[in-house]
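Here's the structure, in structure tokens; my notes come after.
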Amino acid sequence: MDEFLAFSHIGKTYPGVRALDDISFSVPKGTIHGLVGENGAGKSTLIRILSGDTEADDGEIRIDGDVQHFSSTRDAFAARVVVVHQELQLVASLTVAENLTLGRFPARAGVIDFRGMIAHVGAKLREIGISVDPKTPVSQLSLGERQMIEVAKAVMMDARVIALDEPTSSLSSRESEVLFDLIGRLKAQGKVVVYISHRLDEIFRLCDGCTVLRDGRLAAHHTSIDGLTRDMLVSEMVGRAIVDIWGWRGRSLGKPRLVVDQISGKHLPQPASFTARAGEIHGFFGLVGSGRSELMRLVYGADKRWGGRIDIDGVVLSGRDPKRSIRAGLVLCSEDRKYDGIIQGMSVTENIVVSARRHFSPFGVTRPAKETETAEKFIKTLRIRTPSARQDVVNLSGGNQQKVVLARWLAESDIRVLIVDEPTRGIDVGAKAEIYDLLYSLAERGIAIVVVSSELPEVMGISDRISVMCEGRIVASFERADFDEHTILAAALPDRSMTEPTRRAS
Ligand SMILES: Nc1ncnc2c1ncn2[C@@H]1O[C@H](COP(=O)(O)OP(=O)(O)OP(=O)(O)O)[C@@H](O)[C@H]1O
Ligand SMILES: [Mg+2]
């Protein structure tokens, strides 16, 4: 059997954590191999070892029969192994072209040929199917565009092995399609693609085989995805069967707590109105770019509001900045938590209690015991994987960092209205169920909850009511009894998409 890429007895220990323990499996040429597991299972660590970013304590990696010793990313590049990390690595101040040719500028008689470089990169990007001007500074690109540029880098280096760590978590569905197309072409060229994702539908759609990690150990290895079901994969990941991930519970709804009346702003010129009642979970669905996050930022006061009125429990929200909103009991947990959210250099506990502190410590005297108690509670309920509450938050896996930021908002004790944008992005199935459960308990306490999500099954699974946004406007609203996948999706699509071809001819 062809074993182009082989991991053999890989082990890695961090202080207090056995991140990987005796991992052995191999992947044949010309295939896409999925790597799945809960947050903190060890996926990124394995990929970082493959990229030369981290060194394994035990074991070895073989490519095409040769044992590899990568002690830096440069070594991995030399062996034509490219890894696109969960945290993007582009240099924000340089242009796309400069990033893509880093260290390999074409020079003529010692002079860098900028024009040649831009033309070359431009042609490559077009060939790959990415419509970004090579002269654009990376700082001006959207997250999705940056992600695509990282993948383009792998293609331009003619890598033999390409590993992608959760590449679609910040892509729109259209961008994801371009990426999938590209991955398919890499496979056809005989490359090995290792693909990490929490979205199991992507694993089933793209991958030939798949490996499941659990607590740093190999829980399962499938050379073929055929015959495998979602439920089987989930129980291999979590170590238990999850019967009903949504676990929706009916509640009695009270008076409207949040009333948004005709608000508008720069990124949302059309006035928008909606309400959220005590105990209600009001879901907002729409395609990426439909204006959901912009609307929530306006409500919260993170962006400047042009006009309109917001009431919380019948009292006008006079301020237009987040500080006032929080004081009035309105909080927004933004979708950018991965990038803006964690406070580096602080412990897990400090990250969780940083905003709740003023409730514990009204006179400025900190109460460490109370803080630890709160942090421990969230570490348990959200299944945050960390050796201790004192661990520096940067050492946590990507998904666990997101849980920490979520916990910070949930720890706020005087919330009346909670807005959460993409609450489970990058979070594993087991923890998703816990997060939904937590949202229900908050709603049962009478908090009005607004959930923004791009995942239709999720919005349908947990909401009491769904509003659909399209091109900056709320276009439809459905009560739970009337939820229907096709109707909701149809409402979210702009009319012209009916006539526009959705896929490029390949
Ligand atoms: N630099 C580090 N220092 C200490 N511990 C670390 C470090 N990097 C990772 N870990 C720990 O190793 C374990 C595995 O983390 P890893 O990032 O590989 O998980 P993952 O499977 O990629 O999770 P996610 O789905 O959340 O991205 C976690 O418990 C994490 O806290
Ligand atoms: Mg990871």
Answer from GLU60, GLU38 - the residue that is within 13 Å of ligand 1 (Cβ to nearest atom) and among the charged types (D, E, K, R):
GLU38
Just checking, how many residues over region 160-170 are surrounded by fewer than 22 Cβ atoms within 10 Å (Cβ to Cβ) and away from ligand 2 (no atom under 16 Å from the Cβ)?
1
From (1) charged (D, E, K, R); (2) within 15 Å of ligand 1 (Cβ to nearest atom); (3) at pLDDT 95 or above, pick out the condition that doesn't hold for ASP53.
(3)
So which residues in region 66-88 are more than 16 Å from ligand 1 (Cβ to nearest atom), out of contact with any strand residue (DSSP E or B) (no Cβ under 8 Å at 6 or more places or on another chain) and touching a residue at least 40 places away in the same chain (Cβ under 8 Å)?
PHE77
Could you count how many residues in region 408-432 are within 17 Å of the chain's Cα centre (by Cα) and within 11 Å of VAL331 (Cβ to Cβ)?
1
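Results for (1) in contact with a Lys or Arg (Cβ under 7 Å, 6 or more places away or on another chain); (2) more than 27 Å from ASP484 (Cα to Cα); (3) among the basic types (Lys, Arg), shown as yes or no for each residue.
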{"site": "SER273", "(1), (2), (3)": "no, no, no"}
{"site": "ALA278", "(1), (2), (3)": "yes, no, no"}
{"site": "PHE284", "(1), (2), (3)": "yes, no, no"}
{"site": "ARG292", "(1), (2), (3)": "no, no, yes"}
{"site": "VAL315", "(1), (2), (3)": "no, yes, no"}
{"site": "ARG320", "(1), (2), (3)": "yes, yes, yes"}
{"site": "GLY329", "(1), (2), (3)": "yes, yes, no"}
{"site": "GLY341", "(1), (2), (3)": "no, yes, no"}
{"site": "GLU350", "(1), (2), (3)": "no, yes, no"}
Yes or no: region 448-468 includes at least one residue that is more than 30 Å from PRO269 (Cβ to Cβ) and not assigned by TED's automatic domain parsing to the domain that holds GLY291.
no
Where the second residue is more than 16 Å from ligand 1 (Cβ to nearest atom) and assigned to a loop (DSSP other than H, G, I, E, B) and the first is among the β-branched types (Val, Ile, Thr) and lies in region 25-42, which pairs have Cβ atoms under 6 Å and are six or more apart or on separate chains?
THR31/ASP208; ILE32/CYS207; ILE32/ASP208
Residue in region 152-190 that is nearest to the chain's Cα centre (by Cα), counting only those that are within 16 Å of ligand 1 (Cβ to nearest atom) and assigned to a helix (DSSP H, G or I):
SER169
Residues within region 380-395 that are near ligand 1 (Cβ under 10 Å from one of its atoms), part of a loop (DSSP other than H, G, I, E, B) and out of contact with any helix residue (DSSP H, G or I) (no Cβ under 7 Å at 6 or more places or on another chain), tallied:
1
Residues that are free of Cβ contacts under 8 Å to residues at least 40 places away in the same chain: find the strands (runs of 3 or more DSSP E) completely inside region 215-310 holding 2 or more of those.
217-222, 268-277
If we scan region 32-48, do we find a residue that is within 16 Å of ligand 2 (Cβ to nearest atom), of a type in the set (Gly, Ala, Ser) and within 26 Å of SER139 (Cα to Cα)?
yes
Hey, any hits in region 134-149 for a residue that's touching a residue at least 24 places away in the same chain (Cβ under 8 Å), within 16 Å of ligand 2 (Cβ to nearest atom), assigned to a loop (DSSP other than H, G, I, E, B) and not assigned by TED's automatic domain parsing to the domain that holds LEU287?
no
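The values are calculated or read from the model by the stated rules, or taken from the named source; none is laboratory data. These numbers come from a predicted model, not from an experiment. Virtual Cβ from ideal backbone geometry, glycine too; neighbours counted across all protein chains shown.
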